[in-house]
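The values are calculated or read from the model by the stated rules, or taken from the named source; none is laboratory data. Since the model is a prediction, treat every value here as computed from it, not as a measurement. Reconstructed Cβ throughout: ideal geometry from the backbone, glycine too, with neighbour counts over all protein chains shown.
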Amino acid sequence: MHYFPHCDDGTMPDSWPFLKFYEPLTEGLGALNVNLTTALEHTLNLKPYGFTNIHYQVFKILIGTWPKNKTLKTVGLYMRTAVLDGLDAMSFRPLCRGL
């Protein structure tokens, strides 16, 4: 998983609070030797061990209820709820001990 928020169409402003939250979180995790981009590097780490048919596939997950499609709106609601429920747990150590 790649844990950094992205936007395909440029509608997410740089001032979006969730994006701003990730900046110190990433810095705090880095101080604790945790790399949020490790999953992106795994395909490179497998080649030296003889793996040749390696595929990298991206599955995008919505955060929020902005889509017009009812199914995507529900998925976005579930993801937003999961993120909000986990904010305390995922940020306590990096923000309190990593910074």
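Would you check if Glu27 is at pLDDT 85 or above, under 28 Å from Pro94 (Cα atoms), in a helix (DSSP H, G or I) and under 17 Å from the mean Cα position of the chain (by Cα)? Can you show your working first?
Working: at pLDDT 85 or above: yes; under 28 Å from Pro94 (Cα atoms): yes; in a helix (DSSP H, G or I): yes; under 17 Å from the mean Cα position of the chain (by Cα): yes.
When the stated conditions are applied, Glu27 passes them.
Identify the residue in region 1-24 that is of a type in the set (Phe, Trp, Tyr) and not in a helix (DSSP H, G or I) and, among all such residues, is farthest from Met79 (Cα to Cα). Let's see the steps before the verdict.
First, the residues of region 1-24 that are of a type in the set (Phe, Trp, Tyr): 3-4, 16, 18, 21-22.
Now narrow it down to the ones that are not in a helix (DSSP H, G or I): 3-4, 16.
On the way: Tyr3: 13, Phe4: 14, Trp16: 17 Å.
The qualifying residue farthest from Met79 (Cα to Cα) is Trp16.
Can you run down the residue pairs with Cβ atoms below 7 Å, 6 or more apart or on separate chains, where the first is in region 87-99 and within 14 Å of Val34 (Cα to Cα) and the partner is not aliphatic (A, V, I, L, M)?
Here the result reads Pro94/Gly28; Leu95/Pro24; Leu95/Gly28; Gly98/Gly28; Leu99/Pro24; Leu99/Glu27; Leu99/Gly28, each pair linking region 87-99 to a residue that is not aliphatic (A, V, I, L, M).
Given (1) among the acidic types (Asp, Glu); (2) exposed (fewer than 10 other Cβ atoms within 10 Å of the Cβ); (3) closer than 14 Å to Met90 by Cα, where does Asp14 come up short, assuming only one miss?
Of the numbered conditions (1) among the acidic types (Asp, Glu); (2) exposed (fewer than 10 other Cβ atoms within 10 Å of the Cβ); (3) closer than 14 Å to Met90 by Cα, the odd one out for Asp14 is (3).
Would it be correct to say that Val75 is outside any loop (DSSP other than H, G, I, E, B), modelled with pLDDT of 85 or more and of a type outside the set (Ser, Thr, Tyr)? Even if it seems obvious, please write down each step before you answer.
On the way: outside any loop (DSSP other than H, G, I, E, B): yes; modelled with pLDDT of 85 or more: yes; of a type outside the set (Ser, Thr, Tyr): yes.
Judged against the criteria, Val75 is a match.
Kindly indicate whether any position in region 55-62 is at pLDDT 85 or above and in contact with a helix residue (DSSP H, G or I) (Cβ under 9 Å, 6 or more places away or on another chain). Quick ask: steps written out before the conclusion?
So the first thing to find is which residues in region 55-62 are at pLDDT 85 or above, and the list is 61-62.
Subset that is in contact with a helix residue (DSSP H, G or I) (Cβ under 9 Å, 6 or more places away or on another chain): 61-62.
Yes: one or more hits.
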